[in-house]
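Presented below is the structure to which this report refers.
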Amino acid sequence: MICLPNPEFIRLGPLVIRWYGFFAAVSAVVSYFLLLRRAKRFNLTEQQVLDVMVACVLGGVVGARLEYVRRFWDVYFADDFWGAFRVWEGGLVFQGGFILVVLILVVMCHIRKWSLGDIADLTAPVLPIAHAIARLGCLFNGCCYGMPWHWGVCYPAVGNDVLHQQIAKGFLPPDAVAPLPVIPVQLLESLLCLGIAGIIYWLERKQRFTHRRFLIYVLLYSIGRVALEFLRGDYPQHDGLTPAQWTTLLVVLPVTIAIIAFLSWRRRRPTAMPVPQEDVAPQRPNKKHQK
């Protein structure tokens, strides 16, 4: 069993930097340099990579925060409207950020006449690596944790909701002073994302699924995320599933499968072959119109 430290990474007077913010910053820096290193093979300039990076960061934060506020409006924000803007206090949902980033990149490609397939292939292995790093922030922050498990990781009693949630769910008596160790779901998801990134790099090396690798990433991650959600111990379940599972099963997974099926059908659809010129019989002139 491993006991994790306080969620605060460093405190400088009134400024508090949590582990979540630290790993988010590391994720952004690593992503930028990976995208920059891959840019030449997709004929992109450093400025274009920077534009993609800014769109991903801003869209990711805004989308993730909007989805978090939507899910927990009645719990945290119905009586504290301005609390929805205090992002530094925590509260992001990956799926919301992911969906908004995809929409922004699609619009950017349309406006700037970029190849959407190239941008998708550019980001396909980078995004799961960035996600893997950011998930380590969740591990240290004490969010997105798993069900109680005696071989799991142990959190401090303050600075997170682990103890409160375990008491509310009946895992501990009301007078408990320390939470039970839990399954490190965040670490498992990081390993899942790194495994997916490895698969995408392998497909890239083999030159397979060109312009569809991003969809392969989404498909693999969706399946893995649905499975890992059964180990979560922080979310209440609705009809046996967590909100992330419902979003994945009803929105992300069907849309991804439909797009993959459409692209595969379009690539395999036979096209009309042009008739060789020598096989075309010359037309005889109409004598009625001859002068």
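Counting only residues at least eight positions apart within a chain, or on another chain, the aspartates and glutamates with an alpha carbon under 18 Å from that of LYS169 are ASP161, GLU229, ASP234, ASP239. Kindly express, to the nearest 10 degrees and within the range 0 to 90, the angle between helix 94-112's C-alpha long axis and the longest C-alpha principal axis of the chain. With both axes taken from Cα atoms, the answer is about 30 degrees.
Report, in whole Å, the centroid distance computed from the Cα atoms of region 105-174 and region 20-56. Using only Cα atoms, the two centres lie 19 Å from each other.
Once the Cα atoms are used to define both axes, helix 46-71 deviates from the longest principal axis of the chain by about 50 degrees. Residues whose amide H comes within less than 5 Å of that of PHE9, counting only those at least five positions distant or on another chain, are ILE17, ARG18, TRP19 (H built at 1.01 Å from N in the peptide plane). Using only Cα atoms and rounding to the nearest 10 degrees, what angle (0 to 90) does helix 19-38 make with the longest principal axis of the chain? In the chain, helix 19-38 runs at an angle near 20 degrees to the longest axis.
The calculated FRET efficiency for VAL87 paired with ALA178, based on their beta-carbon distance and R0 = 30 Å, is about 0.50.
Here's how it looks for GLY152: its modeled amide H is under 5 Å from those of VAL182, which are all 5 or more places away or on a different chain.
Sites listed here are trypsin sites (Lys or Arg not before Pro) in region 179-257 whose DSSP assignment is loop and whose Cβ has at most 11 other Cβ atoms within 10 Å: LYS206, ARG208. Only Lys, Arg, Asp and Glu carry charge here, each on its Cβ (+1 for the first two, -1 for the last two); on that basis the chain has a dipole of about 2160 debye about its Cα centre. Arranged from fewest to most other beta-carbon atoms within 10 Å of their beta carbon, THR248, THR210 become THR210, THR248. Placing unit charges on the Cβ atoms of the charged side chains and taking the dipole of the chain about its Cα centre, the candidate lying farthest along the positive direction among ALA84, GLY96, CYS109 is CYS109.
Sorted on the mean count of surrounding Cβ atoms within 10 Å across their residues, most packed first, peptides 71-82, 137-148, 114-125 read 137-148, 114-125, 71-82. Per-residue extension of 0.36 nm, minus the Cα-Cα distance of ALA258 and ARG208, leaves a gain of 16.1 nm for this segment. With a Förster radius of 35 Å applied to the beta-carbon distance between PHE33 and ALA168, the computed FRET efficiency rounds to 0.25.
No lab work stands behind these numbers, since they all come straight from the coordinates. All values derive from a computational prediction rather than experimental measurement. Neighbour counts are summed over all protein chains in view; Cβ atoms, including those assigned to glycine, are modelled from backbone coordinates with ideal geometry.
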